[in-house]
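**Q** Pasting a structure below so you can have a look.
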Amino acid sequence: MPKLNLDLYKKLYLIRRAEETIIDNYNDDEMKTPMHMSMGEEAIAAGICEALGRKSQVFGTYRSHALYLAKTGETDKFFAEMYGKATGGAKGKAGSMHLSSPETGFMSASAIVASNIPVAVGAAFANKFKKTNRIVAVFFGDGAVDEGDFWESLNVACLMQLPILFVCEDNELAMHSPISERNGYKSLDAIVSQFNCHLFHAETTDAEVIFKLARQAIQSTKKTHQPSFLHLRYYRYLEHVGTKDDFNAGYRSKKDFEMWYKRDPVILQRKKILNSGIKEKIILDIEKQIDAKIEKSIKLAKKAPFADNGEVYKNVFYEK
């Protein structure tokens, strides 16, 4: 499937290069937002968004770069928001952690753990009520499973047979806390399997494998009118928040990183494309186009104006 692999690679490369560009520019102190980088988990967003298509709706967490870029494909508003400029998707008010693009199906991202899950369930209910035939996917980390919001949302989605994919991006860490210090049970999958939903599990960095798994989940949900739960293992390359590694922090080792990096999602997909017979010149041209696109967006973002002070009160709920 060379075309699929090429489409997936475009998403993967865009996400990786966008975040590398953030790292290259972050120390200039012009980007006025904390950064939660997606490096290492790009295959999940790329594979699932490719499977979902344009008409779907997605909800993300504060680690939202990969999901936003995979769903929208645009970088002008993305980087403008990183710089807090008026040309950003939220005119500089959202920053990195609260990205949104409802017109393309990226409904929202939230910095509060698990808070996006019940909102996504509400969207799925609305789609069922309106008979839109639209699928919702909500992405969250394994730390969100420790919250009541998750279990209540999963329960009501199964009870009401809602068209939603619960996507658990599991690196076995809630910030810095391992599952051994958080979970009073042995298997998340064993518990979820007791609910009236379809359960899928994978430990892979191959976006094509995740794409096929997501397609299976979507088809199962549409056929049976039951939600799907995708439990996907991954490894986060950089610190919880920031643009550097933290292997000296004591809660994880560089040895694990080295093991996962041998299966880096971007490199893996590039090799698959080459092995399929696509000439490297075609790949290099695609990479140059994406690099140029990002460079242009950075220049536009730096030149763009900040919003006026009154903007802080617009399109937000507040009490006088």
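**Q** Select from segment 157-182 the residues that are more than 26 Å from Phe257 (Cα to Cα) and in contact with a helix residue (DSSP H, G or I) (Cβ under 6 Å, 6 or more places away or on another chain) and write down the one among them that is surrounded by the most Cβ atoms within 10 Å (Cβ to Cβ).
**A** Checking each candidate, the answer is Ile164.
**Q** Could you say whether any residue in segment 34-52 is more than 28 Å from Phe200 (Cα to Cα) and at pLDDT 95 or above? Write out each step before concluding.
**A** So in segment 34-52, the residues more than 28 Å from Phe200 (Cα to Cα) come out as 34-35.
Remaining after also requiring at pLDDT 95 or above: 34-35.
Yes, segment 34-52 contains at least one residue that is more than 28 Å from Phe200 (Cα to Cα) and at pLDDT 95 or above.
**Q** Next up: Exactly one of these conditions fails for Ser253: (1) at pLDDT below 95; (2) farther than 30 Å from Ser177 by Cβ; (3) small (Gly, Ala, Ser). Give me its number.
**A** Of the numbered conditions (1) at pLDDT below 95; (2) farther than 30 Å from Ser177 by Cβ; (3) small (Gly, Ala, Ser), the odd one out for Ser253 is (2).
**Q** Need at least 2 residues that are of a type outside the set (A, V, I, L, M, F, W, C) and in contact with a helix residue (DSSP H, G or I) (Cβ under 7 Å, 6 or more places away or on another chain) per element, so show me which helices (runs of 4 or more DSSP H) inside segment 226-320 make the cut, counting only ones lying wholly within it. Spell out how you get there, then give the answer.
**A** On the way: elements: 254-261, 265-275, 280-303.
Here the list reads 265-275, 280-303.
**Q** Six or more apart or on different chains, Cβ atoms under 7 Å: show the pairs whose first residue is in segment 76-102 and closer than 16 Å to Val316 by Cα and whose second is among the hydrophobic types (A, V, I, L, M, F, W, C) and part of a helix (DSSP H, G or I).
**A** Going by the 7 Å Cβ cut-off, the qualifying pairs are Gly88/Ala80; Lys93/Val312.
**Q** Can you name the residue in segment 225-251 that is surrounded by 15 or more Cβ atoms within 10 Å (Cβ to Cβ) and over 27 Å from Asn25 (Cβ atoms) and is also farthest from the chain's Cα centre (by Cα) among such residues?
**A** That would be Gln226.
**Q** Still on this structure: Is it the case, given these coordinates, that Tyr9 is among the aromatic types (Phe, Trp, Tyr), under 24 Å from Pro163 (Cα atoms) and part of a helix (DSSP H, G or I)? Outline the logic, then answer.
**A** Details: among the aromatic types (Phe, Trp, Tyr): yes; under 24 Å from Pro163 (Cα atoms): no; part of a helix (DSSP H, G or I): yes.
No; evaluated as a whole, the condition is false for this residue.
**Q** When segment 273-307 is examined, which residues are found to be on the phi < 0 side of the Ramachandran plot, loosely packed, with under 10 Cβ neighbours inside 10 Å and touching a residue at least 40 places away in the same chain (Cβ under 8 Å)? Step through it out loud before you land on a result.
**A** First, pick out the residues of segment 273-307 that are on the phi < 0 side of the Ramachandran plot: 273-276, 278-307.
Among the residues that remain, those that are also loosely packed, with under 10 Cβ neighbours inside 10 Å are: 281, 305.
If the condition is that a residue be on the phi < 0 side of the Ramachandran plot, loosely packed, with under 10 Cβ neighbours inside 10 Å and touching a residue at least 40 places away in the same chain (Cβ under 8 Å), then Pro305 is the only one that fits.
**Q** Further, regarding this structure: Taking segment 98-112, which residues are in a loop (DSSP other than H, G, I, E, B) and β-branched (Val, Ile, Thr)?
**A** Pass one, segment 98-112, residues in a loop (DSSP other than H, G, I, E, B): 98-100, 105, 111-112.
Correct list: Ile112 only.
**Q** Let me ask something else. Hey, any hits in segment 96-105 for a residue that's over 25 Å from Ile267 (Cβ atoms), among the hydrophobic types (A, V, I, L, M, F, W, C) and modelled with pLDDT of 95 or more?
**A** Yes: one or more hits.
**Q** Follow-up question, since we're still on this one. How many of the residues making up segment 280-320 are among the charged types (D, E, K, R) and modelled with pLDDT under 95? Lay out the reasoning, then the answer.
**A** Initially, segment 280-320 is screened for residues among the charged types (D, E, K, R), giving 280-281, 285, 287-288, 291, 293, 295-296, 299, 302-303, 308, 311, 314, 319-320.
After this cut, where a residue has to be modelled with pLDDT under 95 as well, the list is 308, 311, 314, 319-320.
Count: 5.
**Q** Report every pair of residues separated by at least 6 positions or lying on different chains whose Cβ atoms are under 6 Å apart, first residue within segment 122-135 and within 14 Å of Thr221 (Cα to Cα), second in a helix (DSSP H, G or I).
**A** Pairs found: Arg134/Asn127; Ile135/Ile218.
The values are calculated or read from the model by the stated rules, or taken from the named source; none is laboratory data. All figures in this text were calculated on a predicted structure; none of them were measured in a lab. With ideal geometry, Cβ positions are generated from the backbone for all residues, glycine too; neighbour counts draw on all protein chains shown.
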